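See below for the structure under consideration.
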Amino acid sequence: MGFRPLDAKGLKHLLKQGALQTMLNQAARVARYQALLEQCLQPAARPHCQVGDLNNGKLVIVVDNSHWATRLRFQEQRLLRQLQACEELRTLTKILIKVHPRSSAAPYRSHSARRTPAAAEALHEAAEVIQDPQLKAALERLASRHESNKKASDDNA
């Protein structure tokens, strides 16, 4: 038996299912937890600590080196009490501290996506089914960039 990948679903289908909204809600929740954590942390520790997720009453905090992991472990009980005092984190039972070093390699260079008419059309379709006005406007701006790039390349030809 070989591996058979799942059937790909169109962007419009995913947006109608609410998968994007679920991801946006998750991101907003993690951002809120991050803000609560930063209120409890010392100013020097804030740039080194990030909330990973909250699962089954366990808050995962990701730090960029073992130095900050050790310092947080010494403060774990105090942090737990302070975070439990917040309404959203009342069910928190444990803090897990994970070390994930930042890469010291060459900085990441983004690769510009090829701008095709099909991509612009897909972005327009996605914007049609989005309820959030800010996200809808952002998708329309992206689609217009694809179209303006096409016009510029047609003018040069």
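The values are calculated or read from the model by the stated rules, or taken from the named source; none is laboratory data. All values derive from a computational prediction rather than experimental measurement. Cβ: placed from backbone, ideal geometry, glycine included. Neighbour counts: every protein chain shown. When the accessible area is computed, the model is the full protein with side chains, heavy atoms only, and any ligands, DNA or RNA have been set aside. Shrake-Rupley method; radii C 1.70, N 1.55, O 1.52, S 1.80 Å.
Structure summary
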{"item": "Test result for ALA45, modelled with pLDDT under 85 and of a type in the set (A, V, I, L, M, F, W, C)", "result": "no"}
{"item": "Complete set of residues in the range 105-157 that are farther than 21 Å from ALA19 by Cβ and modelled with pLDDT of 85 or more", "result": "ARG141, SER144"}
{"item": "Failed condition for GLN82, given (1) modelled with pLDDT of 90 or more; (2) over 24 Å from GLN26 (Cα atoms); (3) among the polar types (S, T, N, Q)", "result": "(2)"}
{"item": "Tally, over the range 57-107, of residues that are open to solvent by 80 Å² or more (accessible area, probe 1.4 Å), farther than 17 Å from ALA35 by Cβ, in contact (Cβ under 8 Å) with a residue 24 or more places away in the chain and of a type outside the set (Ser, Thr, Tyr)", "result": "8"}
